[in-house]
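All remarks here apply to the structure that follows.
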């Protein structure tokens, strides 16, 4: 194992997604300092090795060997059995069981101190989480009993963080409070200072259009604005609330590292429009780094060799520098 770089643990995610394509496109062209531990179905992996003519050396590692040191000279593969069925319900059951086992092994590697870096491939949240969790962010956090977490869609020029994640719009206003805003801002600040070595400049959007409301109670005036003033007095580099329809203009966004929005699409829509695949999903607040490419399984593109691998590449590059 590299003296300075712990392994990057990669959970391949949905076995019928575009994962293998973006994986091989990434590792065909780029060498990384960190050893790679890939948790996947060996049989399915080697089927794709032939298709993509991938010639990097593969080291098969049994679960009994996970305490060993890992080399960055080849891909270290831990095999998780994936059962197959033509029956749709049974097939989904096998996929979910495969994903649960994969994450369990990954978290075991992290608990043992072998790694502090986790990357998961695209996952169909609807099928896997079955409405028990808002997203993979919350699923992983629940396995560690970690409640104070935040999502960051990261690009080195500008990142965004939604105060609420995969929550129905009608529920968003009920989750906005001084406590939650302070909690998220502190998580962002700690992450940037710890891993990026900077004190972040944070812009906060309002909830309502133009930060105005025809109702007697306006969250922007009553909650968001006063909380920002409180945080400024505490020494945070923070401003707002800003109307969400103008904060992303070039002259406005250039002044900030992170834009904290009130709900998912309010900030993820513009960041994906600006940077498309050049962004990664980071879970902040965990005792280790967890990232994923900022896109889904994209079943329609499987087998076409046309999928954009940049977000996956950026995910590996980010972890490789830590």
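The values are calculated or read from the model by the stated rules, or taken from the named source; none is laboratory data. If you're wondering where the values come from, they're calculated on a predicted model, not measured in any experiment. A quick note on method: Cβ atoms are made from the backbone with ideal geometry, for glycine too, and the neighbour counts reach across all protein chains shown.
At-a-glance table
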| item | result |
| --- | --- |
| Residue 292, sole failed condition from (1) buried (at least 20 other Cβ atoms within 10 Å of the Cβ); (2) assigned to a loop (DSSP other than H, G, I, E, B) | (2) |
| Of all residues in region 269-289 being outside any loop (DSSP other than H, G, I, E, B) and in contact with a strand residue (DSSP E or B) (Cβ under 6 Å, 6 or more places away or on another chain), the one that is nearest to residue 204 (Cα to Cα) | 271 |
| One residue from 84, 70, 54, 45 being assigned to a helix (DSSP H, G or I) and either at negative phi or modelled with pLDDT under 90 (or both) | 45 |
| Which listed residue is within 29 Å of residue 238 (Cβ to Cβ) and either touching a strand residue (DSSP E or B) at 6+ places or on another chain (Cβ under 8 Å) or in contact (Cβ under 8 Å) with a residue 40 or more places away in the chain (or both), from 152, 63, 134 | 152 |
| The lone exception for residue 306 - which of (1) touching a residue at least 24 places away in the same chain (Cβ under 8 Å); (2) under 30 Å from residue 54 (Cβ atoms); (3) in a loop (DSSP other than H, G, I, E, B) it fails | (1) |
| Residue satisfying condition, being within 26 Å of the chain's Cα centre (by Cα) and not in a helix (DSSP H, G or I), within set 188, 202 | 202 |
| Of residues in region 188-243 being surrounded by fewer than 20 Cβ atoms within 10 Å (Cβ to Cβ) and in contact (Cβ under 8 Å) with a residue 60 or more places away in the chain, the one nearest to residue 319 (Cα to Cα) | 195 |
| Sole residue being outside any loop (DSSP other than H, G, I, E, B), at pLDDT 95 or above and either assigned by TED's automatic domain parsing to the domain that holds residue 209 or touching a strand residue (DSSP E or B) at 6+ places or on another chain (Cβ under 7 Å) (or both), chosen from 259, 247 | 259 |
| Enumeration of residues in region 1-50 that are in contact with a strand residue (DSSP E or B) (Cβ under 6 Å, 6 or more places away or on another chain) and surrounded by fewer than 17 Cβ atoms within 10 Å (Cβ to Cβ) | 42 |
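Residue by residue, here is whether (1) in contact with a strand residue (DSSP E or B) (Cβ under 6 Å, 6 or more places away or on another chain); (2) closer than 22 Å to residue 233 by Cβ; (3) at pLDDT 95 or above holds:
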| residue | (1), (2), (3) |
| --- | --- |
| 166 | no, no, no |
| 171 | no, no, yes |
| 176 | no, yes, yes |
| 181 | no, yes, yes |
| 189 | no, yes, yes |
| 198 | no, yes, yes |
| 201 | yes, yes, yes |
| 205 | yes, yes, yes |
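Let's see how each residue does on (1) under 20 Å from the mean Cα position of the chain (by Cα); (2) farther than 21 Å from residue 311 by Cβ:
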| position | (1), (2) |
| --- | --- |
| 33 | no, no |
| 39 | yes, no |
| 42 | no, yes |
| 52 | no, no |
| 57 | no, yes |
